[in-house]
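In what follows, a single structure is set out as structure tokens and then discussed.
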There are 2 protein chains.
Amino acid sequence: MVKFSRGGVTAPSGFLAAGIHCGIKPSPLLDLAVIASEVAGPIAGVFTTNRFPAAPVIVDRLHLRHKTGRAVIINSGNANAFTGAQGLADAKEMAQLTADFLGCPHYQVYVGSTGVICPRLPMPCIREHLPRLMARLRKGGHREAATAILTTDTKVKEVAIVTKLQGTTITVGGMAKGAGMIHPNMATMLAFLTTDAMLHQPALQQALSQAVERSFHCISVDGETSTNDTVLCLANGSAGTAILDPRSPDMARFQQALNEACLALALQIVDDGEGATKRVEFRITGAQTTSEAKCIAKTLATSPLIKTALFGEDPNWGRIIAAVGRAGPRVRSEDFALAFDDVIVVHPGMKITPDAERRVRRIMQKKRFTIQVTVGRGSAAATIWTTDLSYDYVRINASYRS
Amino acid sequence: MVKFSRGGVTAPSGFLAAGIHCGIKPSPLLDLAVIASEVAGPIAGVFTTNRFPAAPVIVDRLHLRHKTGRAVIINSGNANAFTGAQGLADAKEMAQLTADFLGCPHYQVYVGSTGVICPRLPMPCIREHLPRLMARLRKGGHREAATAILTTDTKVKEVAIVTKLQGTTITVGGMAKGAGMIHPNMATMLAFLTTDAMLHQPALQQALSQAVERSFHCISVDGETSTNDTVLCLANGSAGTAILDPRSPDMARFQQALNEACLALALQIVDDGEGATKRVEFRITGAQTTSEAKCIAKTLATSPLIKTALFGEDPNWGRIIAAVGRAGPRVRSEDFALAFDDVIVVHPGMKITPDAERRVRRIMQKKRFTIQVTVGRGSAAATIWTTDLSYDYVRINASYRS
């Protein structure tokens, strides 16, 4: 049994957090956050595949070779990306300053940055205000930490999940940011998970990779992937359970808790997608391979014509047909089927349900619904959750920096 | 020497055209067009790669086996796509009805349709009004024909180019439609070219394929490709020149005229892109292969974050860097360079021009400019012309059918 609880990254025992305004963003917006465990523990990470990874991503990958973590320091308002050797030095200094306060090795501190690409990080602000941030570290600091990592997000994104392992309650907590540049294989997306369970690092890495594959890799707001995408999961064993055996039922339960936590954060990101008025699930079935199913799902989820029709609540499913036809896989029109929620619009054999339009129009007026496409080539499937494309998406992104 | 002239598909001698309202669209919008040559001649075609080609595309591919053409009949307001056996019968009937009037074999008439996907073509309207359309065939009918093929287009798109072959003036004329679903490898795009030069059909097909590769395949409005994309070129030899030798200088001049005609129509399509306020040329150089250069160009030209920044005239080039980084090719940040028109923003070695932002902001306020990306891997290049992403794109597509 896995269930939702209250709180965020500090819900698991032994974790503290804080967030402050240090001056990267206009006052009084929070722009610097920290999460710290009372003791070091195993840490796992999944990073962007972008060819120009940001400085904090490079630093985190280096630190991850040591496989242990104590804290994460994160700023918003500046991505510290495409900043060269200077940016790398700045990210390392952020980790070192935090490590000095906690009295741990620099490689146990991880760094996250999100915001505008290219400008140098304003290190004087960070140096001056970091002591104040560290002094605020506390159990109740999860929400201000989750607030301090946001950019164009309109909502704080937090999760806490509890389950029992070996008769003891353990907790998985998390926070995330992301609203634009959101696409499978991540995005301008940061997510930080914490747990008071205890695992060997390889098991934790494997569990995180699986959870990310089923959550953050299945969402798309605008087809963009960024230079800064990072998901980290830190375990400290404070719940007092023994180290999880990777083949045990307890491990399966922990995996389920981590999956639920990642999916909850991922769907919060979609719900807060830039300008989004709806969340739509594209479910592709009947593909020959999973990658074929994903290819079709991505094509639909990034089609501006489909996304504007979702916004306009216009049952113009010809656009879905055209997009499936251009996706790449050799789909035959006779095998194609299409449903909105439980209303089958196109049956195999190109038969169209006579009164489908009226019923689909009603479904499209909902905040959440599913569009299922079947291509009759095999048994592989894929799902992507996405948003519509609205005036507000254009407004937000035409003037993000101004 | 190749130069622009006045007129459209009837500028070459021996070609007539007409357009009328037959009732597919609301009155009084023109929705049925015909182009006819006084004599049959060789014809060449390039069609959509979409897996669900529309009925007229299937019919045209069949007719093209005969390699000769006399006329093209085109409707707007209905794509006759995903309409199964009935749609195929309807497209064939359109060709047959037109052939009956002209007294030519059915396979010398080609069909084009553009509009909403799925609904059946209203054949009674077409049957009733086709005689009136054919009766209007005339030299001065090019503009009404060019008007009758439009959907969300706001402007008629025509071209006429003249050059001298064997001391005789020959003309290439053309018309096109397309505003949304525009992407390399074509789009909801129809283009019809005519010429009074004479070539063997294989030479005409090769010339058209080359001209399309450098024009319609290099434009993108929204990354969509449709079920109906068709480019046809009909030659009738009415100028009286001998059959062109494919290896002659005359052939090179004809190719140049056809290239110019296709590029002029393609750029007219971009200029009329749905909601477009600008036309931006993305030029990628220094790639290892042409397909690598095209891959980067397409990623930039379809990025919603870049296209909204173009609309907002915001010199946020970090979005271009992030998009190049996610495009796929293994670009190194040290080799990357970026320029807006003649202003180099990023030099190789990650050096950023200090006062670039102010100068780039001024360039971005122009209606047309070039963004050049160099990736330092080789000597291959590619160009794509695209539009910005504006409120109007969303407005037009959220309510296209309403």
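Suppose we filter A:8, A:23, A:14 for residues that are within 24 Å of residue A:138 (Cα to Cα) and either surrounded by 21 or more Cβ atoms within 10 Å (Cβ to Cβ) or not assigned by TED's automatic domain parsing to the domain that holds residue A:228 (or both); which single one remains? Before you say what the answer is, go through the steps one by one.
On the way: A:23 fails: either surrounded by 21 or more Cβ atoms within 10 Å (Cβ to Cβ) or not assigned by TED's automatic domain parsing to the domain that holds residue A:228 (or both); A:14 fails: either surrounded by 21 or more Cβ atoms within 10 Å (Cβ to Cβ) or not assigned by TED's automatic domain parsing to the domain that holds residue A:228 (or both).
Every option except A:8 fails the conditions.
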**Request:** For residues that are polar (S, T, N, Q) and either facing chain B (nearest Cβ under 8 Å) or buried (at least 17 other Cβ atoms within 10 Å of the Cβ) (or both), tally how many sit in the range A:326-367.
**Result:** 1
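Results for (1) under 30 Å from residue B:322 (Cα atoms); (2) outside the structural domain of residue A:388 (by TED's automatic domain parsing), shown as yes or no for each residue.
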residue	(1), (2)
A:230	yes, yes
A:241	no, yes
A:255	no, yes
A:263	yes, yes
A:291	yes, no
**Request:** Look at residue B:72 and say whether it is touching a strand residue (DSSP E or B) at 6+ places or on another chain (Cβ under 6 Å), within 22 Å of residue A:323 (Cα to Cα) and more than 13 Å from every other protein chain (Cβ to nearest Cβ).
**Result:** no
**Request:** Evaluate the range A:23-32: report whether one residue or more is touching a strand residue (DSSP E or B) at 6+ places or on another chain (Cβ under 7 Å), β-branched (Val, Ile, Thr), modelled with pLDDT of 95 or more and not in a loop (DSSP other than H, G, I, E, B).
**Result:** no
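Conditions (1) under 14 Å from residue A:56 (Cα atoms); (2) away from chain B (no Cβ under 14 Å); (3) in contact with a helix residue (DSSP H, G or I) (Cβ under 8 Å, 6 or more places away or on another chain), marked per residue:
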site: A:85; (1), (2), (3): yes, no, no
site: A:91; (1), (2), (3): yes, yes, yes
site: A:96; (1), (2), (3): yes, yes, yes
site: A:105; (1), (2), (3): no, yes, yes
site: A:110; (1), (2), (3): yes, yes, yes
site: A:115; (1), (2), (3): yes, no, no
site: A:122; (1), (2), (3): no, yes, no
site: A:126; (1), (2), (3): no, yes, yes
site: A:146; (1), (2), (3): no, yes, no
**Message:** For the structure I just gave you, tell me whether residue A:43 is among the β-branched types (Val, Ile, Thr), surrounded by fewer than 20 Cβ atoms within 10 Å (Cβ to Cβ) and modelled with pLDDT of 95 or more.
**Reply:** no
**Asked** Across the range A:171-202, what is the number of residues that are of a type in the set (A, V, I, L, M) and at pLDDT 95 or above?
**Response** 6
**Item:** Of residues in the range B:296-325 being more than 27 Å from the chain's Cα centre (by Cα) and within 17 Å of residue B:286 (Cα to Cα), the one farthest from the other protein chains (Cβ to nearest Cβ)
**Value:** B:321
**Request:** Kindly check whether there is at least one residue in the range A:270-289 that is assigned to a helix (DSSP H, G or I) and surrounded by fewer than 19 Cβ atoms within 10 Å (Cβ to Cβ).
**Result:** yes
**Item:** Pick from the range B:112-156, criterion at pLDDT below 95 and of a type in the set (D, E, K, R), ranking: farthest from the chain's Cα centre (by Cα)
**Value:** B:120
**Prompt:** Inside the range B:376-402, can you point out the residues that are more than 10 Å from chain A (Cβ to nearest Cβ) and in contact with a Pro (Cβ under 9 Å, 6 or more places away or on another chain)?
**Reply:** B:376, B:377, B:384
**Asked** Among B:91, B:95, which is the only one that is in the same structural domain as residue B:51 (by TED's automatic domain parsing), within 16 Å of residue B:127 (Cα to Cα) and in contact with a His (Cβ under 8 Å, 6 or more places away or on another chain)?
**Response** B:95
**Request:** Filter the range B:76-104 down to residues that are in contact (Cβ under 8 Å) with a residue 12 or more places away in the chain and not in a helix (DSSP H, G or I), then give me how many there are.
**Result:** 9
**Item:** Boolean, residue B:382 is within 24 Å of the chain's Cα centre (by Cα) and closer than 30 Å to residue A:391 by Cβ
**Value:** no
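The values are calculated or read from the model by the stated rules, or taken from the named source; none is laboratory data. Values in this document were obtained by computation on a predicted structure and should not be read as measured data. No Cβ is skipped: glycine too gets one built from the backbone with ideal geometry, and neighbour counts run over all protein chains shown.
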